[in-house]
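Enquirer: This is the structure, below, for whatever I ask next.
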Amino acid sequence: MADPRVLHVITDPRARGAQRLALDLHRELARRGQSSELAALHPHPDADPGAAVPVLGPSRHHPATLRALRALAGRADVVVAHGSSTLQACALGLFASRTPFVYVNIGDPRHWTADPLRRLRVGAFLHRAAAVAAISPHAVDVLRTRFRLPARRLHTLPNARPVDRFRPAAGPAEKAAARTELGLPAGGPLIAWVGALSPEKRPDLALAAHALLPADTHLALAGGGPLRATLAAGPRTHLLGPLADPAPLYRAADLLLLTSDSEGVPGVLIEAALAGLPAVATDVGWVSDVVRPGEGGLLVPPGDPAALADALRTLLAADRTPYAAAARARALAHFDLDAVTTRWQHLLREVAHRRLTRY
């Protein structure tokens, strides 16, 4: 059979988390000649005005949004729902529709379904999906036991990034040029922090850990979000705002810092690893799928700025070449978008075939 027509649904047009994976997968499928569309449930004030992503309605579960979703899905053979907000929209909007949907679980279900009533509601929606794709085998185990999903409908499809977009700096000159491009100091160690400035990402921990480091160490935070007003720039702390392309920051930096209280398999760790950037990260969710302790970086318990500072000091003082090589080798082996897209195509064909045989 021909490759199925695919509609990717994201929460909003911001370039973060589930949206980044959806956009990359959509582009790669289209590059391979497969029919692929991308749509967002609702707008967001922090989205890039130049993002050419159609918006379906005023809010994620508004009746007009669900009607538009159903109409657009009628042109597709399979819908892929990226991230938790899209699960309910697709479960409701595509109820009794001939178009099946695949749900992509990005985060840690133990974190976002801690409340029993929410767990019950999410479980009902998950059972409406034709298949559930999780970005870690550990997440598959959680989904199977927590929501009693049949093993045949669960699939491990890793988070992924385009290899050619996140390459290491060619040498000191390119590293210096990247710092100049971003308006960052030419001298001294530079730690990069990339993510949403939101409570679960804990940018406050990054600032607290940074305050314990030597005076010549700089910290650059890239991202936007509700905590932006609570953070203050200083001589050694640089607030870059959202970056359309974080690759120059990875080339400019010496280490990546991730301080989250909850994660799935963070795309920023994959991007940094592809760029040959070792990481210090909190050991939450399935961060260890990307950062193997002592290989591509160091992991510490969440919520501990002193432990973060100790790990940062250790790596800043070490020869980081073996860490960088190990991080990049693991990312190339497991999180290359090209290989992951091929696996996605197999799943999409399988779901579309089941749809045809059902009708």
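The values are calculated or read from the model by the stated rules, or taken from the named source; none is laboratory data. Model, not experiment: these values are computed from the prediction. Ideal geometry is used to build each Cβ from the backbone, glycine not excepted, and the neighbour counts take in all protein chains shown. Just so you know, the surface numbers come from the protein's heavy atoms only, side chains and all, with ligands and any DNA or RNA stripped out. Shrake-Rupley method; radii C 1.70, N 1.55, O 1.52, S 1.80 Å.
Enquirer: Just one of (1) in a helix (DSSP H, G or I); (2) over 16 Å from the mean Cα position of the chain (by Cα); (3) of a type outside the set (Val, Ile, Thr) trips up Asp24, so point out which.
Expert: Status for Asp24: all satisfied but (2).
Enquirer: With respect to Ala192, determine if the residue is surrounded by fewer than 23 Cβ atoms within 10 Å (Cβ to Cβ) and small (Gly, Ala, Ser).
Expert: Numbers: surrounded by fewer than 23 Cβ atoms within 10 Å (Cβ to Cβ): no; small (Gly, Ala, Ser): yes.
Criteria not met by Ala192.
Enquirer: Which of the following residues is within 18 Å of Ser97 (Cα to Cα) and either in contact (Cβ under 8 Å) with a residue 60 or more places away in the chain or surrounded by fewer than 21 Cβ atoms within 10 Å (Cβ to Cβ) (or both): Arg27, Arg5, Arg60, Arg20? Full working, then the answer.
Expert: Details: Arg27 fails: within 18 Å of Ser97 (Cα to Cα); Arg60 fails: within 18 Å of Ser97 (Cα to Cα); Arg20 fails: within 18 Å of Ser97 (Cα to Cα).
Of Arg27, Arg5, Arg60, Arg20, the one residue that is within 18 Å of Ser97 (Cα to Cα) and either in contact (Cβ under 8 Å) with a residue 60 or more places away in the chain or surrounded by fewer than 21 Cβ atoms within 10 Å (Cβ to Cβ) (or both) is Arg5.
Enquirer: For the subset of region 293-309 comprising residues that are under 14 Å from Pro322 (Cβ atoms) and touching a residue at least 12 places away in the same chain (Cβ under 8 Å), which member is surrounded by the fewest Cβ atoms within 10 Å (Cβ to Cβ)?
Expert: Across region 293-309, the extreme among qualifying residues is Glu295.
Enquirer: Mind counting the residues in region 145-199 that are part of a loop (DSSP other than H, G, I, E, B), within 26 Å of Val287 (Cα to Cα) and among the aliphatic types (A, V, I, L, M)?
Expert: In the first step, residues of region 145-199 are kept if they are part of a loop (DSSP other than H, G, I, E, B); the result is 148-150, 157-160, 162, 166-171, 183-189, 195-198.
Next cut, within 26 Å of Val287 (Cα to Cα) only: 148-150, 157-160, 162, 166-169, 189, 195-198.
Restricting the remaining residues to those that are among the aliphatic types (A, V, I, L, M) gives 149, 157, 160, 169, 196-197.
Number of matching residues: 6.
Enquirer: Same structure, new question: Report, by residue number, each residue of region 110-142 that is among the hydrophobic types (A, V, I, L, M, F, W, C), part of a helix (DSSP H, G or I) and surrounded by 15 or more Cβ atoms within 10 Å (Cβ to Cβ).
Expert: From region 110-142, those among the hydrophobic types (A, V, I, L, M, F, W, C) are 112, 114, 117, 120, 122, 124-126, 129-135, 139-140, 142; that's our starting set.
Pick out the ones that are also part of a helix (DSSP H, G or I) and you get 112, 117, 120, 122, 124-126, 139-140, 142.
Within region 110-142, Trp112, Val122, Phe125, Leu126, Ala139, Val140, Val142 qualify.
Enquirer: Could you check region 240-276 and list, in sequence order, the residues that are farther than 22 Å from Gln19 by Cβ and of a type outside the set (Gly, Ala, Ser)? Quick ask: steps written out before the conclusion?
Expert: If we filter region 240-276 for residues that are farther than 22 Å from Gln19 by Cβ, which is where we start, we get 251-255, 257, 276.
Residues satisfying the conditions are Arg251, Asp254, Leu255, Leu257.
Enquirer: Give just the number: which of (1) in contact with a helix residue (DSSP H, G or I) (Cβ under 9 Å, 6 or more places away or on another chain); (2) open to solvent by 20 Å² or more (accessible area, probe 1.4 Å); (3) touching a residue at least 24 places away in the same chain (Cβ under 8 Å) does Ala244 not satisfy?
Expert: (1)
Enquirer: Okay, moving on. For Glu295, are the conditions met, namely being assigned to a loop (DSSP other than H, G, I, E, B) and over 30 Å from His26 (Cα atoms)?
Expert: Against the criterion (assigned to a loop (DSSP other than H, G, I, E, B) and over 30 Å from His26 (Cα atoms)), Glu295 qualifies.
Table: residues versus (1) farther than 22 Å from Val122 by Cβ; (2) out of contact with any Phe, Trp or Tyr (no Cβ under 9 Å at 6 or more places or on another chain); (3) surrounded by 15 or more Cβ atoms within 10 Å (Cβ to Cβ).
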{"site": "Arg144", "(1), (2), (3)": "no, yes, yes"}
{"site": "Leu149", "(1), (2), (3)": "no, yes, yes"}
{"site": "Arg152", "(1), (2), (3)": "no, yes, no"}
{"site": "His155", "(1), (2), (3)": "no, yes, yes"}
{"site": "Arg161", "(1), (2), (3)": "yes, no, yes"}
{"site": "Ala170", "(1), (2), (3)": "yes, yes, no"}
{"site": "Lys175", "(1), (2), (3)": "yes, yes, yes"}
{"site": "Arg179", "(1), (2), (3)": "yes, yes, yes"}
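Enquirer: Report, by residue number, each residue of region 314-359 that is of a type outside the set (A, V, I, L, M), within 22 Å of Thr282 (Cβ to Cβ) and surrounded by 17 or more Cβ atoms within 10 Å (Cβ to Cβ).
Expert: Step one: of region 314-359, the residues of a type outside the set (A, V, I, L, M) are 314, 319-323, 328, 330, 334-336, 338, 341-346, 349-350, 353-355, 357-359.
Still in the running and within 22 Å of Thr282 (Cβ to Cβ): 314, 320, 323, 328, 330, 334-335.
Arg320, Tyr323, Arg328, Arg330, His334, Phe335 - these are the residues of region 314-359 that are of a type outside the set (A, V, I, L, M), within 22 Å of Thr282 (Cβ to Cβ) and surrounded by 17 or more Cβ atoms within 10 Å (Cβ to Cβ).
Enquirer: When you go through Thr65, Thr11, Thr86, Thr99 one by one, which is the residue that is crowded, with 18+ Cβ neighbours inside 10 Å, without any contact (Cβ under 8 Å) to a residue 40 or more places away in the chain and among the polar types (S, T, N, Q)?
Expert: Details: Thr11 fails: without any contact (Cβ under 8 Å) to a residue 40 or more places away in the chain; Thr86 fails: without any contact (Cβ under 8 Å) to a residue 40 or more places away in the chain; Thr99 fails: without any contact (Cβ under 8 Å) to a residue 40 or more places away in the chain.
Result: Thr65 is the single residue among Thr65, Thr11, Thr86, Thr99 that is crowded, with 18+ Cβ neighbours inside 10 Å, without any contact (Cβ under 8 Å) to a residue 40 or more places away in the chain and among the polar types (S, T, N, Q).
Enquirer: For Val340, are the conditions met, namely being part of a loop (DSSP other than H, G, I, E, B), in contact (Cβ under 8 Å) with a residue 40 or more places away in the chain, touching a Pro at 6+ places or on another chain (Cβ under 9 Å) and of a type outside the set (S, T, N, Q)?
Expert: Values: part of a loop (DSSP other than H, G, I, E, B): no; in contact (Cβ under 8 Å) with a residue 40 or more places away in the chain: yes; touching a Pro at 6+ places or on another chain (Cβ under 9 Å): yes; of a type outside the set (S, T, N, Q): yes.
Considered against the rule, which asks whether it is part of a loop (DSSP other than H, G, I, E, B), in contact (Cβ under 8 Å) with a residue 40 or more places away in the chain, touching a Pro at 6+ places or on another chain (Cβ under 9 Å) and of a type outside the set (S, T, N, Q), Val340 comes out as no.
Enquirer: Considering only residues that are open to solvent by 20 Å² or more (accessible area, probe 1.4 Å), free of Cβ contacts under 8 Å to residues at least 60 places away in the same chain and in a loop (DSSP other than H, G, I, E, B), which ones fall in region 30-41?
Expert: Those that are open to solvent by 20 Å² or more (accessible area, probe 1.4 Å), free of Cβ contacts under 8 Å to residues at least 60 places away in the same chain and in a loop (DSSP other than H, G, I, E, B): Gly33, Ser35.
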